[in-house]
Amino acid sequence: MDHVLLLEDIPEIRMWLKNLIQQVFTNARVVECARVQDALLQVGQQRFELALIDLGLPDGSGVTVVEALRDKQPEAQSVIVTIHDDDEHLFPALQAGAFGYLLKEQARELLVEQLQRISQGEPPLSPSIARKVIAYFTGQRRMPAASVVPDVQLTERETEVLLRVAKGFTLPEIGVQLGLSRHTIADYVKQIYRKLNVSSRAEAALEAQRLGLFGRG
Amino acid sequence: MRSAPAVWASALRVGAFLFLLLHACLAAATPLVLEQARLLGPEGGQVQLPRPPGPVAQELQFRFDHAGGEREAAALWLTSPCGVQTVRVNGVTLLQDDTGLPCRGPQLLALPVGLLGEQGNVLELRQAALVQTPFSLARTERLAAPQIGRWAELRQQHRALVWQRAGLTLGAAGLLAGLALALALLGLTHRWERRLLLGATALLAWALLLGAEWQVWLPRDHADLLRGLLLGLCCAGWLLLLGRQLGWRHVRLDFLALLLALALPWLPWALAGSPMALTLQAGLLALWALALALVSGGFVWHRLRLWWHGEARWLALREEWHGTWLPALTSLGLLACLLAWAQTQRSPAVPWVTLGLGLAGLSQLFGFAQARRQAEQHLVSNDERWQDRLVDFERQQRALSEQHLEQVTERERKRIAADLHDDLGAKLLTIVHTSESERISTLAREALEEMRLSVRGLTGKPVQLLDAVGDWRAEVVSRLTQANIEAEWVSLSEDVSYTLPARAYVQTTRIIREAISNIIKHSGATRCTVRCQVSEDDFQVILQDNGNGIPSALDGRLDKGHGMASMKSRAKQMQGQCLVESGPGWGTLIRLSIPL
């Protein structure tokens with residue numbers, strides 16, 4: 001993780017987050033931005049391996065940057081750093097392609113651990129987010145237009161994991177219940193994140209087509 | 001018009017008439033009826049009465065005896081004095097009328113005491129010549145045999161006959177005229193009921209025609225012309241009324257027909273005296289008859305077809321009676337009258353036409369009243385429908401405004417939430433991460449959590465109880481696990497379908513969070529069991545640890561540093577309760593119950 005993008009508007013927090021990043025990735029070169037526009041500019045200019053993105057910014061939402069990264073640098077990991085812990089804020093960002101989220105007010109040690117986990121491919125998943133994901137996929141299955149969307153469906157195992165997360169079981173607990181290793185469960189979660197993003201993108205494309213943004217012929 | 005249209009006259013009149021008629025019949029044998037007369041003048045000879053007027057004026061002489069004539073008042077009664085110009089008894093002129101008496105009015109002349117002798121009385125009548133004017137029925141009029149009898153008796157019979165001929169006829173005419181007036185007023189005042197004017201015209205013309213027969217109200221010379229005019233008007237009105245049912249709606253046609261009705265009779269009248277006149281008159285009446293036959297036929301055909309294709313055919317029979325057959329029969333009567341009159345004959349159908357027209361007029365009135373009632377009902381039901389619609393509209397409006405209010409409130413909540421996050425949240429966050437003091441940053445972190453929960457309570461929708469339990473489990477188990485406390489969670493069964501209001505969810509979250517914090521910080525427990533259950537209408541969370549319990553030193557003032565008081569007051573805010581049981585050695589048990 002040599003190149004890290006940090007988008008945060010409050011200087012003190014930005015400073016603190018930078019410290020945090022440098023604590024986890026000692027060699028990291030952190031590019032700091034306070035505005036969405038600056039961040040978009042940076043995304044166009046250089047490559048990043050990791051991006052910590054705040055959601056509520058003075059000139060827009062961090063989701064825009066998540067989308068830009070997803071489109072231009074698919075290999076970069078976007079992580080939402082936010083004060084909003086509610087799924088109404090988090091879910092759109094996850095759909096846009098964010099790979100996990102951090103709640104800013106958590107203790108430093110906890111954040112360090114979570115960031116490490118995310119960078120190792122173990123994104124967090126709260127019960128309410130899990131419920132949203134389930135509702136999203138079952139709702140999509142019900143939509144007739146979804147037949148045009150590339151068939152992105154959760155596997156039985158993935159659904160099983162999601163259902164257990166929704167009931168409040170922690171990932172290690174689920175691993176024990178299903179007789180799977182912690183890494184396998186993490187892989188499922190990663191897969192769920194990926195499918196959520198792919199499916200959302202397909203759906204957005206379909207919606208755009210429906211609105212005539214792509215022309216019809 | 002020999003018979004009287006007595007059918008619909010008032011019961012009293014009919015009763016009186018029948019009584020008098022009966023009386024007259026019983027007494028009929030008494031008067032002397034002079035049926036034989038001698039014709040004076042060059043022709044001479046015996047004649048038999050009743051007889052029609054001749055082509056020239058004639059003198060008739062009657063000879064009769066009269067027993068008791070010197071002692072009591074006698075009377076001469078002419079039941080049908082057609083064209084009588086002078087009446088002389090024993091050389092005394094009792095009556096002189098140059099134009100001749102009309103046929104319809106019975107004439108009763110008093111014969112003073114002493115005028116008549118026991119034998120050899122002479123009655124001389126001068127009968128005017130027949131004048132053939134168009135529309136006159138004079139050719140069929142006959143001078144009836146004069147009767148001589150006691151004054152009192154003949155006066156009775158005279159009155160009965162006057163009742164029969166004048167009273168009933170004129171009464172009927174008056175009723176028809178009244179009906180016509182009512183129809184005309186309705187027709188004039190209601191724009192969509194103008195056809196009633198046509199009915200009124202027919203009825204009024206017929207009523208006047210009845211009067212004209214009686215010749216009481218108009219100059220005798222013009223009576224015949226007037227009869228022609230009225231007949232035309234009656235026919236035209238009736239035809240147009242029937243035509244309305246066939247869908248004729250041409251005001252010009254109406255005017256044309258009425259104008260023709262008024263204009264045509266003048267033609268034969270102008271030619272009076274010439275033989276052409278009678279032919280013309282007959283032709284005119286035949287023309288009316290033809291038109292009447294055609295229109296009535298068309299009308300009946302039209303009505304029958306409607307009836308046949310209509311629904312509830314047998315139920316509609318009653319309506320069919322006064323809607324179809326009454327007009328048809330009236331037309332038939334009118335036709336019969338026209339045909340008879342075309343041949344200058346009296347028609348026995350006159351009273352039936354009178355009756356038919358009267359009933360038709362009533363039917364029109366009835367129809368109007370019914371239409372009016374329907375219109376009122378329609379109005380009422382319309383009114384009700386509008387009322388309903390209004391109520392509906394108001395309800396929708398209210399729902400809409402409530403929805404709008406909800407939207408506005410929701411937007412405002414979101415704005416407040418966003419502001420809190422952006423301003424207060426950012427500042428608290430800065431404190432959390434920049435404060436040197438661990439205590440202050442912990443406080444700020446807690447404040448931030450509180451703020452977030454408040455915001456969630458502010459904006460939230462009801463939460464499914466199972467979802468809420470899932471959230472709590474995730475938080476509790478991960479926190480306890482991190483603190484190296486073994487966690488056991490006993491969850492609800494899967495079929496629970498209760499929801500929690502957002503505020504109750506937030507308050508419960510805070511209570512559980514506080515309780516877990518206490519366990520982690522103060523209890524020194526190694527194991528904690530959390531049991532969620534729904535019993536009756538309560539939701540219960542029971543947290544039990546195996547720690548030290550609450551030291552007795554703190555008993556009574558549990559609140560210090562343990563937030564017990566805030567837990568209890570939060571539970572109380574939800575109408576629930578939070579009980580804390582503790583004993584040294586067996587840990588602490590917190591029993592939270594919330595009504596669902």
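The values are calculated or read from the model by the stated rules, or taken from the named source; none is laboratory data. Quick caveat: nothing in here was measured; it's all calculated off a predicted structure. For neighbour counting, all protein chains shown are included, and Cβ atoms are generated from backbone atoms with ideal geometry for every residue, glycine included. Only protein heavy atoms, including side chains, enter the accessible area calculation; ligands, DNA and RNA are left aside. Shrake-Rupley method; radii C 1.70, N 1.55, O 1.52, S 1.80 Å.
Confirm whether residue B:582 is among the small types (Gly, Ala, Ser), in contact with a Gly (Cβ under 6 Å, 6 or more places away or on another chain), modelled with pLDDT of 90 or more and surrounded by 15 or more Cβ atoms within 10 Å (Cβ to Cβ). Before you say what the answer is, go through the steps one by one.
On the way: among the small types (Gly, Ala, Ser): yes; in contact with a Gly (Cβ under 6 Å, 6 or more places away or on another chain): yes; modelled with pLDDT of 90 or more: no; surrounded by 15 or more Cβ atoms within 10 Å (Cβ to Cβ): yes.
No, not satisfied.
One residue stands out in the range A:116-125 among those that are part of a loop (DSSP other than H, G, I, E, B) and more than 11 Å from chain B (Cβ to nearest Cβ): the one that is most open to solvent (accessible area, probe 1.4 Å), namely A:120.
Of these, B:414, B:427, which one is modelled with pLDDT under 85, surrounded by fewer than 16 Cβ atoms within 10 Å (Cβ to Cβ) and not aliphatic (A, V, I, L, M)?
Numbers: B:427 fails: modelled with pLDDT under 85.
Only one candidate passes the filter, namely B:414.
Selection within the range B:331-343: residues that are at pLDDT below 80 and in a helix (DSSP H, G or I). The member of this set that is nearest to the chain's Cα centre (by Cα) is B:341.
Looking at this structure, is residue B:344 at positive phi and open to solvent by less than 20 Å² (accessible area, probe 1.4 Å)? Walk me through it before giving the result.
Details: at positive phi: yes; open to solvent by less than 20 Å² (accessible area, probe 1.4 Å): yes.
Answer is yes for this residue.
Residues in the range A:63-75 that are closer than 13 Å to residue A:7 by Cβ and over 11 Å from the mean Cα position of the chain (by Cα): A:64, A:65, A:68, A:69. Of the helices (runs of 4 or more DSSP H) lying entirely inside the range A:126-217, those containing at least 3 residues that are open to solvent by 40 Å² or more (accessible area, probe 1.4 Å) and either at pLDDT below 85 or among the hydroxyl-bearing types (Ser, Thr, Tyr) (or both) are A:127-142, A:182-210.
I'd like to know if the range B:71-94 contains one or more residues that are touching a residue at least 24 places away in the same chain (Cβ under 8 Å), open to solvent by less than 20 Å² (accessible area, probe 1.4 Å), more than 23 Å from residue B:157 (Cβ to Cβ) and part of a loop (DSSP other than H, G, I, E, B). No, the conditions are met nowhere in the range B:71-94.
Out of all the residues in the range B:480-500, which are within 28 Å of residue B:575 (Cβ to Cβ), at pLDDT 85 or above and more than 8 Å from chain A (Cβ to nearest Cβ)? Selection gives B:490, B:498, B:499, B:500.
Can you spot a residue in the range B:548-562 that is modelled with pLDDT of 85 or more, in a loop (DSSP other than H, G, I, E, B) and either under 22 Å from residue B:526 (Cβ atoms) or of a type outside the set (S, T, N, Q) (or both)?
If we filter the range B:548-562 for residues that are modelled with pLDDT of 85 or more, which is where we start, we get none.
Looking for residues that are modelled with pLDDT of 85 or more, in a loop (DSSP other than H, G, I, E, B) and either under 22 Å from residue B:526 (Cβ atoms) or of a type outside the set (S, T, N, Q) (or both), one finds none in the range B:548-562, hence no.
Residues in the range B:95-114 that are surrounded by fewer than 18 Cβ atoms within 10 Å (Cβ to Cβ), among the polar types (S, T, N, Q) and assigned to a strand (DSSP E or B): B:96 only.
So if I check each of A:22, A:46, which one is touching a residue at least 12 places away in the same chain (Cβ under 8 Å) and surrounded by fewer than 17 Cβ atoms within 10 Å (Cβ to Cβ)?
Working: A:22 fails: touching a residue at least 12 places away in the same chain (Cβ under 8 Å).
Checking each option against the conditions leaves just A:46.
Write out, first by first residue and then by second, each pair whose Cβ atoms fall under 9 Å of each other, whose residues are 6+ apart or on separate chains, and whose first residue, in the range A:94-107, is facing chain B (nearest Cβ under 9 Å) while the second is among the small types (Gly, Ala, Ser). What qualifies is A:104/B:425; A:105/B:425; A:105/B:444; A:107/B:441. Pairs are defined by a Cβ separation below 6 Å, a sequence spacing of at least 6 or placement on different chains, a first member in the range A:116-135 that is touching a residue at least 60 places away in the same chain (Cβ under 8 Å), and a second member that is among the basic types (Lys, Arg) and part of a helix (DSSP H, G or I); the pairs so defined are A:121/A:190. For the range A:56-78, a tally of residues being surrounded by fewer than 23 Cβ atoms within 10 Å (Cβ to Cβ) and away from chain B (no Cβ under 14 Å) returns 12. Looking at the structure I just gave you, is residue B:477 out of contact with any Lys or Arg (no Cβ under 7 Å at 6 or more places or on another chain), crowded, with 19+ Cβ neighbours inside 10 Å and within 7 Å of chain A (Cβ to nearest Cβ)? Yes.
Matching residues to (1) open to solvent by 70 Å² or more (accessible area, probe 1.4 Å); (2) under 55 Å from the mean Cα position of the chain (by Cα); (3) within 14 Å of another protein chain (Cβ to nearest Cβ):
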{"site": "B:353", "(1), (2), (3)": "no, yes, no"}
{"site": "B:368", "(1), (2), (3)": "no, yes, no"}
{"site": "B:386", "(1), (2), (3)": "yes, yes, no"}
{"site": "B:405", "(1), (2), (3)": "yes, yes, no"}
{"site": "B:423", "(1), (2), (3)": "yes, no, yes"}
{"site": "B:432", "(1), (2), (3)": "no, no, yes"}
{"site": "B:448", "(1), (2), (3)": "no, no, yes"}
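Quick check on residue B:534: is it assigned to a strand (DSSP E or B), touching a strand residue (DSSP E or B) at 6+ places or on another chain (Cβ under 6 Å) and either surrounded by fewer than 16 Cβ atoms within 10 Å (Cβ to Cβ) or modelled with pLDDT of 85 or more (or both)? If you could, list the steps in order and put the result at the bottom.
Details: assigned to a strand (DSSP E or B): yes; touching a strand residue (DSSP E or B) at 6+ places or on another chain (Cβ under 6 Å): no; either surrounded by fewer than 16 Cβ atoms within 10 Å (Cβ to Cβ) or modelled with pLDDT of 85 or more (or both): yes.
Here the answer is no, as residue B:534 does not meet what is asked.
Are any residues in the range A:157-188 within 14 Å of chain B (Cβ to nearest Cβ) and either of a type in the set (A, V, I, L, M) or under 21 Å from residue A:93 (Cα atoms) (or both), and if so, which ones? Working first, answer last.
The first filter runs over the range A:157-188 and keeps only residues within 14 Å of chain B (Cβ to nearest Cβ), leaving A:161-177, A:182.
Passing the criteria: A:161, A:162, A:163, A:165, A:166, A:171, A:174, A:176.
All of (1) more than 9 Å from every other protein chain (Cβ to nearest Cβ); (2) surrounded by 15 or more Cβ atoms within 10 Å (Cβ to Cβ); (3) in contact (Cβ under 8 Å) with a residue 60 or more places away in the chain hold for residue B:469 with one exception: (1). Count of the range B:48-67 residues, restricted to those that are charged (D, E, K, R), at pLDDT below 85 and open to solvent by 80 Å² or more (accessible area, probe 1.4 Å), is 1. Evaluating residue A:33 against the criteria (1) under 17 Å from the mean Cα position of the chain (by Cα); (2) crowded, with 19+ Cβ neighbours inside 10 Å; (3) away from every other protein chain (no Cβ under 14 Å) leaves one unmet condition, (1). Evaluate the following for residue B:317: is it out of contact with any Phe, Trp or Tyr (no Cβ under 8 Å at 6 or more places or on another chain) and either under 24 Å from residue B:253 (Cβ atoms) or touching a residue at least 60 places away in the same chain (Cβ under 8 Å) (or both)? When the stated conditions are applied, residue B:317 does not pass them.
Taking the conditions exactly as written (open to solvent by less than 20 Å² (accessible area, probe 1.4 Å), at pLDDT below 85 and either within 14 Å of chain B (Cβ to nearest Cβ) or more than 18 Å from the chain's Cα centre (by Cα) (or both)), does residue A:90 satisfy them or not? Before the answer, list the steps.
On the way: open to solvent by less than 20 Å² (accessible area, probe 1.4 Å): yes; at pLDDT below 85: yes; either within 14 Å of chain B (Cβ to nearest Cβ) or more than 18 Å from the chain's Cα centre (by Cα) (or both): yes.
It is true that residue A:90 is open to solvent by less than 20 Å² (accessible area, probe 1.4 Å), at pLDDT below 85 and either within 14 Å of chain B (Cβ to nearest Cβ) or more than 18 Å from the chain's Cα centre (by Cα) (or both).
If you check residue B:328 against the conditions, is it within 21 Å of residue B:204 (Cα to Cα), of a type in the set (Gly, Ala, Ser), touching a residue at least 12 places away in the same chain (Cβ under 8 Å) and part of a helix (DSSP H, G or I)?
Values: within 21 Å of residue B:204 (Cα to Cα): yes; of a type in the set (Gly, Ala, Ser): yes; touching a residue at least 12 places away in the same chain (Cβ under 8 Å): yes; part of a helix (DSSP H, G or I): yes.
When the stated conditions are applied, residue B:328 passes them.
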